[in-house]
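Visitor: I'd like to ask you about the structure that follows.
The values are calculated or read from the model by the stated rules, or taken from the named source; none is laboratory data. Since we're looking at a predicted model, the values are computed, not measured. Don't worry about glycine lacking a Cβ; one is built from the backbone with ideal geometry, like all the others, and counts go over all protein chains shown.
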Amino acid sequence: MAVQQSQVLPAQFVQDLGQDLAKQVVAQSGVPVVSTGIAGISQQPGESADDFAARQSAAQQFTTRQQSLSGLAPQVAGQDALQTQAQTLAQQGVGSFQPFLQQAQTQATLAAGLGTQALGQLGTAGTQLTGAGTTLGGIGTGATAFQQGVQDFMSPYQSQVIDATLGEFDRNKAIQEQSIRDQQAALGALGSGRAGVQLAEFGTGAARERALLQAGLLQQGFGQAQQARQQDIANRFGISQAQAGLAGQRAGFAGATQGLGAFQSGLAGQQAQLGQVQQQATGTDISRLGQLGALNQAQQQAQLDATREAARQATFLPQEQLDRFAGQVTGIMGGYPGQTQTTNIPNPTPLQTALGVGTTLAGVYGALGQGARDFSLLGVPRN
């Protein structure tokens with residue numbers, strides 16, 4: 001049994017496209033994939049010179065494609081002035097509440113110091129009031145107490161003054177008595193009754209005058225002691241009043257200091273509240289700053305994505321072009337399909353062989369001519 005096979009080939013331009021596509025696919029498979037320019041290429045350890053030269057050539061072609069595709073590279077819009085201003089304000093607001101907290105702490109410390117000072121002043125005022133009470137505490141009340149107090153102011157030399165004065169009085173009395181006796185003797189009346197009466201009368205008057213003199217001296221000393229006692233009382237009252245007044249001034253000053261401390265404490269509280277408000281505002285700023293940071297990060301990511309997309313376009317442009325070309329060639333070849341047909345023919349009888357020798361030879365020669373022409377279309381040389 002003989003086998004007969006016939007082929008119907010597509011048009012020559014379709015075969016040329018297929019051969020060119022096959023050559024490009026084989027050539028492209030040997031080109032290394034490089035996504036950087038020539039400046040980013042360096043020979044690696046163990047890399048051959050040919051492989052490094054191939055990568056350098058691919059990098060040079062990548063730079064050329066990237067420059068050619070610059071008009072198609074993705075672009076990302078930059079930040080506008082409002083975003084920049086908002087970011088600057090948010091950064092300036094971070095930590096701005098710290099001075100208010102420091103001022104509040106300073107005011108609180110000052111208030112505590114003023115409170116301590118006020119307590120000290122109140123203690124001094126109490127001491128002064130106690131001193132005033134002590135000063136007045138030595139003054140007795142009533143006539144007896146007054147007279148007893150006067151004795152303390154009697155002169156310690158009063159008795160000596162009285163004795164000296166009375167002694168002088170007695171000496172003068174004796175001189176006068178002797179003068180009287182001398183007069184009586186001159187008159188010859190010494191020892192008479194009238195002379196005795198005269199001396200008795202003189203002695204009585206002298207005794208009276210001596211008593212009056214002594215009483216006057218005592219009264220004078222008592223009066224001076226009384227005046228000194230009264231002056232002492234007045235002095236004590238004046239000192240106690242001065243001490244009480246000073247204590248009152250101290251107490252008033254302590255109250256003013258305490259009030260100032262309370263004011264400082266209130267101011268510290270206000271400063272602290274202001275710091276809290278500022279901290280809350282800063283928290284809002286921080287939140288907004290985080291949002292701005294997210295926007296900036298998104299924008300930077302968009303820029304990185306754009307750069308990556310531009311590099312991807314430049315890197316895989318040859319493959320994408322080859323894919324498009326392959327798709328187009330495949331579509332064309334689908335419109336001009338080739339066909340191979342095989343037919344099984346039974347072996348002829350001797351009679352059929354003898355009768356069909358001429359026809360068969362003619363067919364063989366025709367088939368050989370057609371087959372040679374078909375193989376030439378495929379680029380197969382004739383034998």
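Let's see how each residue does on (1) modelled with pLDDT of 75 or more; (2) of a type outside the set (D, E, K, R); (3) on the phi > 0 side of the Ramachandran plot:
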position: ALA186; (1), (2), (3): yes, yes, no
position: GLY191; (1), (2), (3): no, yes, yes
position: VAL197; (1), (2), (3): yes, yes, no
position: LEU212; (1), (2), (3): yes, yes, no
position: GLN227; (1), (2), (3): yes, yes, no
position: ARG236; (1), (2), (3): no, no, no
position: ALA247; (1), (2), (3): yes, yes, no
position: ALA251; (1), (2), (3): yes, yes, no
position: THR257; (1), (2), (3): yes, yes, no
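Visitor: Has region 144-159 got any residue that is at pLDDT 75 or above and part of a helix (DSSP H, G or I)?
Guide: Within region 144-159, one or more residues are at pLDDT 75 or above and part of a helix (DSSP H, G or I).
Visitor: Taking region 204-239, which residues are exposed (fewer than 15 other Cβ atoms within 10 Å of the Cβ), of a type in the set (Gly, Ala, Ser) and more than 18 Å from GLN158 (Cβ to Cβ)?
Guide: Those that are exposed (fewer than 15 other Cβ atoms within 10 Å of the Cβ), of a type in the set (Gly, Ala, Ser) and more than 18 Å from GLN158 (Cβ to Cβ): GLY205, ALA207, ALA234, GLY238.
Here is a yes/no grid of residues against (1) free of Cβ contacts under 8 Å to residues at least 12 places away in the same chain; (2) surrounded by 14 or more Cβ atoms within 10 Å (Cβ to Cβ); (3) in a helix (DSSP H, G or I):
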residue	(1), (2), (3)
ASP51	no, no, yes
ARG55	no, yes, yes
ALA59	no, yes, yes
GLN66	no, yes, yes
GLN75	no, no, no
GLN87	no, yes, yes
GLN91	no, no, yes
GLY95	no, no, no
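Visitor: Suppose we filter ARG229, ARG312, ARG308 for residues that are farther than 30 Å from THR106 by Cβ, in contact with a Ser or Thr (Cβ under 8 Å, 6 or more places away or on another chain), assigned to a helix (DSSP H, G or I) and basic (Lys, Arg); which single one remains?
Guide: Just one listed residue meets the conditions, ARG312.
Visitor: Which of the residues spanning region 1-39 are surrounded by fewer than 12 Cβ atoms within 10 Å (Cβ to Cβ) and in a strand (DSSP E or B)?
Guide: Selection gives ALA2, VAL3, GLN4, GLN5, VAL8.
Visitor: Does ALA272 count as without any contact (Cβ under 8 Å) to a residue 12 or more places away in the chain, assigned to a helix (DSSP H, G or I) and surrounded by 13 or more Cβ atoms within 10 Å (Cβ to Cβ)?
Guide: Spelling it out, it is not the case that ALA272 is without any contact (Cβ under 8 Å) to a residue 12 or more places away in the chain, assigned to a helix (DSSP H, G or I) and surrounded by 13 or more Cβ atoms within 10 Å (Cβ to Cβ).
Visitor: Take GLN102 and tell me if it is surrounded by 13 or more Cβ atoms within 10 Å (Cβ to Cβ) and farther than 30 Å from GLN321 by Cβ.
Guide: No; evaluated as a whole, the condition is false for this residue.
Residues checked against (1) more than 30 Å from GLY255 (Cβ to Cβ); (2) at pLDDT below 80; (3) among the small types (Gly, Ala, Ser):
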{"position": "ALA53", "(1), (2), (3)": "yes, no, yes"}
{"position": "ALA58", "(1), (2), (3)": "yes, no, yes"}
{"position": "THR63", "(1), (2), (3)": "yes, no, no"}
{"position": "SER68", "(1), (2), (3)": "yes, no, yes"}
{"position": "ALA77", "(1), (2), (3)": "yes, yes, yes"}
{"position": "GLN83", "(1), (2), (3)": "yes, yes, no"}
{"position": "ALA108", "(1), (2), (3)": "no, yes, yes"}
{"position": "GLN121", "(1), (2), (3)": "no, yes, no"}
{"position": "ALA125", "(1), (2), (3)": "no, yes, yes"}
